[in-house]
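All remarks here apply to the structure that follows.
The values are calculated or read from the model by the stated rules, or taken from the named source; none is laboratory data. These numbers come from a predicted model, not from an experiment. Glycine gets a Cβ as well: all are built from the backbone with ideal geometry, and neighbour counts include every protein chain shown.
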Amino acid sequence: MFWTDRSRQEITCFSYDDEHALHLDDRSLRWYYPPQFPQDMDLSRGFDTFIKHEDEAVDEHLDSLLAAVAAHEQTTGSKIEAQVVTWRGLMTKIMATPYDDRDGFEMNATFYQGCIFVEEDHASKVASRREQESRQNRPPPQQHPNRPWFPPDLMSYWGYKFESLATLPRPWGEVSRDEIEGRDDNIVSNKAQYCSVVRTGMGSTSLCLGGEVDAVWDAKPQHPSGKQAIHWVELKTSADIQSERDLEFFEKKLLKFWIQSFLLGVPTIVVGFRSRQGRLVRLEEIATEGIPGTVRQRAQQAQKSPPWDGDTCINFASAFLSWLRETMAGCDGVWRIRRQASSPEIEVFQVEETGHGNILPDTFLNWRIK
Ligand code: A3P
Ligand code: MG
Ligand code: MG
């Protein structure tokens with residue numbers, strides 16, 4: 001386990017329940033408790049009963065994050081201090097831009113009361129998923145005997161199955177042995193989520209980010225303060241490392257693991273390594289803070305250039321955010337933030353000259369007018 005003291009402070013939180021209904025509380029928080037290993041566990045088990053949240057049917061905008069922010073502002077009687085409000089996932093994409101040479105993105109942004117609100121463009125997200133599916137849903141013509149092909153839906157299920165094997169719905173002392181040992185039989189669903197709303201900074205820009213947190217290691221403090229890091233745990237699955245090539249591939253993946261956890265102040269990542277056949281073979285606890293240094297050192301030892309550099313990501317995102325603030329300052333309307341796949345640049349241009357599009361719901365606007 002790895003704890004760090006950092007300037008990322010949870011200001012509030014919210015949960016989606018088993019029906020994906022929103023609640024402004026921590027009811028869907030989960031506790032990390034490693035899976036028991038009588039033998040390697042099959043991560044495909046239960047795929048036929050997987051309850052999957054269909055996030056394409058409805059454009060959720062920033063609604064739940066803004067509901068949590070508005071409730072927090074009502075309780076404290078003051079506006080949050082943030083120049084940019086967005087989902088952690090979108091900041092991850094921006095921060096990864098210097099090294100992500102494949103995926104593009106489209107976001108919508110609007111300026112309101114001194115703050116820029118950034119959402120993902122729903123139609124573009126759905127279109128790019130369709131395109132990705134058409135590339136990935138067919139097995140390759142020739143398959144390596146030790147590297148069988150599995151459909152992307154099943155591989156994505158492995159991640160949720162691992163979460164279900166590695167967490168408990170209540171602290172360890174409050175669950176029965178049967179509940180702990182019976183986790184492999186639980187029906188897996190990704191509808192419930194706990195989301196942390198965090199105040200943080202990037203260069204000269206103050207940020208409010210909302211993002212899902214997989215579990216807590218021990219207990220969430222009743223009244224978290226800026227000085228007290230919450231011992232969050234991010235769970236990830238990855239193919240077991242058996243060769244130098246596998247290690248290089250894993251180190252590339254570590255970029256997104258690191259950014260995602262860094263942004264919310266998650267100190268520990270637990271990786272469930274799996275076989276090529278999707279069986280869980282071992283766990284590894286990784287300190288988020290040490291990842292950029294480890295990747296750099298390994299490259300130095302191998303006399304290679306490092307695959308990525310964390311400071312470059314931070315500097316890029318800091319410069320982009322301050323430029324975005326200058327560009328949009330005081331302007332009404334809706335802006336598009338776009339990166340085309342394989343392009344090194346992020347374009348920003350105005351798409352509507354007035355209003356806030358659908359980025360800010362009336363409930364949020366009405367609350368802020370008061
Ligand atoms: P893994 O990361 O172990 O593959 P998160 O890690 O962010 O908590 O997400 C939980 C799981 O959701 C992932 O587990 C993966 O199974 C699935 N998932 C997340 N993003 C995905 C994406 N872009 N495509 C497919 N599956 C995804
Ligand atoms: Mg998660
Ligand atoms: Mg995870």
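If you take the residues of the stretch 210-226 that are surrounded by fewer than 15 Cβ atoms within 10 Å (Cβ to Cβ) and touching a strand residue (DSSP E or B) at 6+ places or on another chain (Cβ under 9 Å), which of them is farthest from Glu174 (Cα to Cα)? It would help to see each step written out before you state the result.
Going through the stretch 210-226, the residues surrounded by fewer than 15 Cβ atoms within 10 Å (Cβ to Cβ) turn out to be 218-219, 221-223, 225-226.
Restricting the remaining residues to those that are touching a strand residue (DSSP E or B) at 6+ places or on another chain (Cβ under 9 Å) gives 218-219, 225-226.
Working: Asp218: 13, Ala219: 12, Ser225: 26, Gly226: 28 Å.
For the stretch 210-226, the residue satisfying everything is Gly226.
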Handout entry: Considering residues of the stretch 169-193 that are among the aliphatic types (A, V, I, L, M) and away from ligand 2 (no atom under 16 Å from the Cβ) only, the residue surrounded by the fewest Cβ atoms within 10 Å (Cβ to Cβ)
Key = Ile187
Handout entry: Count - residues of the stretch 170-212 that are small (Gly, Ala, Ser), within 16 Å of ligand 3 (Cβ to nearest atom) and assigned to a strand (DSSP E or B)
Key = 4
Fill in the blank from the handout: So, first residue farther than 15 Å from Ile259 by Cβ in the stretch 280-296, second residue among the aromatic types (Phe, Trp, Tyr) and assigned to a helix (DSSP H, G or I), Cβ within less than 9 Å, six or more apart or across chains; the pairs are Leu280/Trp158; Leu280/Phe162
Handout entry: Selection within the stretch 239-261 - in a helix (DSSP H, G or I), touching a Ser or Thr at 6+ places or on another chain (Cβ under 8 Å), in contact (Cβ under 8 Å) with a residue 24 or more places away in the chain and not hydrophobic (A, V, I, L, M, F, W, C)
Key = Lys256, Gln260, Ser261
Fill in the blank from the handout: Here the residues within the stretch 201-227 that are at pLDDT below 95 and within 29 Å of Ser164 (Cβ to Cβ) are Asp218, Ala219, Lys220, Pro221, Gln222, Pro224
Practice task
Test Glu179 against the stated conditions and say whether it is without any contact (Cβ under 8 Å) to a residue 40 or more places away in the chain and within 17 Å of Phe37 (Cα to Cα).
Solution key: yes
Handout entry: Verdict on Ile346 being buried (at least 17 other Cβ atoms within 10 Å of the Cβ), touching a Leu at 6+ places or on another chain (Cβ under 8 Å) and of a type in the set (Val, Ile, Thr)
Key = no
